[in-house]
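S.K.: This is the structure, below, for whatever I ask next.
The values are calculated or read from the model by the stated rules, or taken from the named source; none is laboratory data. Here the structure is a predicted model, which is why all the values come from computation and not from measurement. Virtual Cβ from ideal backbone geometry, glycine too; neighbours counted across all protein chains shown. Accessible surface is based on the protein model in full, side chains and every heavy atom, while ligands, DNA and RNA are left aside. Shrake-Rupley method; radii C 1.70, N 1.55, O 1.52, S 1.80 Å.
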Amino acid sequence: MKALAAVLMLLPALALAQQVPEPEGYRMEAYRAPVPETLAGAQVVDADEAHGLWLSGEVAFVDVLPQPPKPDNLPEGTVWRAKPRDSIPGAVWLPNTGYGALAEVDAQYFRDGLAAVTGGDRAHPLLIFCLAECWMSWNAAKRALAEGYAEVYWLPEGTDGWAAAGYPLERVTPRQ
């Protein structure tokens, strides 16, 4: 009984030890790992809250799941098909914009994509997501804040949590 009591007393400390702190900058590696519960300047939402925002029609949804590139060393004549992406209906897919460091062409693609979905209005609300435990969405939401977007929502559970809650998904293609 004493052993059980000791374990129960340690549980809050173990829970605290597993919390992931926000880094000062962007996450630069190990993008599929536990994420912080917070993002300074953004509003963190769960799938149900995101669904409410989606139903309102007033928030631009931005998916930042990376898209694997076509392998360079495929034998000639090999047919290569990119993995399809099922996302939140109406979301704009801006792949490869959640890495910690972006080439200028990718940073401009991100800025242009955000401007397109917000009509150039940095006060227009954005909701940024990827998959569960995906630092790409955390980085992209942080980057949107740095670009001056005033109302940024972050869905840490991404499309995994959205689908688990029973909400619809639809096939998307990257924004050109």
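S.K.: At a probe radius of 1.4 Å, what is the per-residue accessible area of Trp93, in Å² to the nearest 10?
M.R.: Its heavy atoms expose roughly 10 Å² to the probe.
S.K.: Rolling a 1.4 angstrom probe over the protein heavy atoms, how many square angstrom per residue are accessible across the chain? Could you put the intermediate results ahead of the total?
M.R.: On the way: 9870 Å² over 176 residues.
Spelled out: the 1.4 Å probe surface of the chain, per residue, equals 56 Å².
S.K.: Of the beta bridges DSSP finds with both residues in the chain, what % are antiparallel, to the nearest 5?
M.R.: DSSP beta bridges in the chain are roughly 25 percent antiparallel.
S.K.: What helices does the chain hold that run 20 Å or longer along their axis, going by alpha-carbon atoms, with a Kyte-Doolittle average of 0.0 or more, using DSSP H for the helix calls?
M.R.: Values: long enough: 2-18 (24 Å, 1.81); 104-118 (21 Å, -0.03).
The qualifying helices are 2-18.
S.K.: Going 7 Å from the Cα of Arg171 toward and past its Cβ, which residues in the range 55-73 have a backbone nitrogen under 20 Å from where you end up?
M.R.: 63-70
S.K.: Another question about this same structure. Given charges of +1 on the Cβ of Lys and Arg and -1 on the Cβ of Asp and Glu, with all other atoms neutral, how large is the dipole of the chain about its Cα centre, in debye to the nearest 20?
M.R.: Taking the Cα centre of the chain as origin, the dipole is about 320 debye.
S.K.: Take Ala163 and Thr78, extend 7 Å from each Cα along the Cα→Cβ direction, and tell me the distance between the two endpoints in nm.
M.R.: 2.6 nm
S.K.: Same structure, new question: Using Cα-Cα distances under 8 Å and only pairs 6 or more residues apart, what relative contact order does the chain have, in percent? Walk me through the intermediate numbers first.
M.R.: Working: 295 pairs, mean separation 53.9, N = 176.
Reported relative contact order: 31 percent.
S.K.: Give me the percent relative contact order of the range 112-176, please, defined on Cα pairs under 8 angstrom at least 6 residues apart.
M.R.: Once normalised by length, the contact order is 33 percent.
S.K.: Per DSSP helix of 4 or more residues, -39500 (n - 2.57); summed, then divided by the residues of the chain. What does that give at 222 nm, rounded to the nearest 500?
M.R.: Computed ellipticity for the chain at 222 nm equals -11000 deg cm²/dmol.
S.K.: Within the chain, what whole-number % of the accessible surface is contributed by carbon and sulfur, with the 1.4 Å probe and all protein chains included in the calculation? Numbers along the way, then the final one.
M.R.: Numbers: 5560 of 9870 Å².
For the chain, the apolar C and S fraction of the accessible surface comes to 56 percent.
S.K.: Now for a separate question. Whose amide H sits under 5 Å from the amide H of Gln43, counting only residues 5 or more places off or on another chain, with H placed in the peptide plane?
M.R.: Under 5 Å from the amide H of Gln43: Val152, Tyr153, Trp154.
S.K.: Ok, one more. How high is the FRET efficiency between Ala146 and Asp121 when r is their beta carbon distance and R₀ equals 22 Å, given to the nearest 0.05? Walk me through the intermediate numbers first.
M.R.: Numbers: r = 17 Å, r/R0 = 0.77.
It comes to 0.80.
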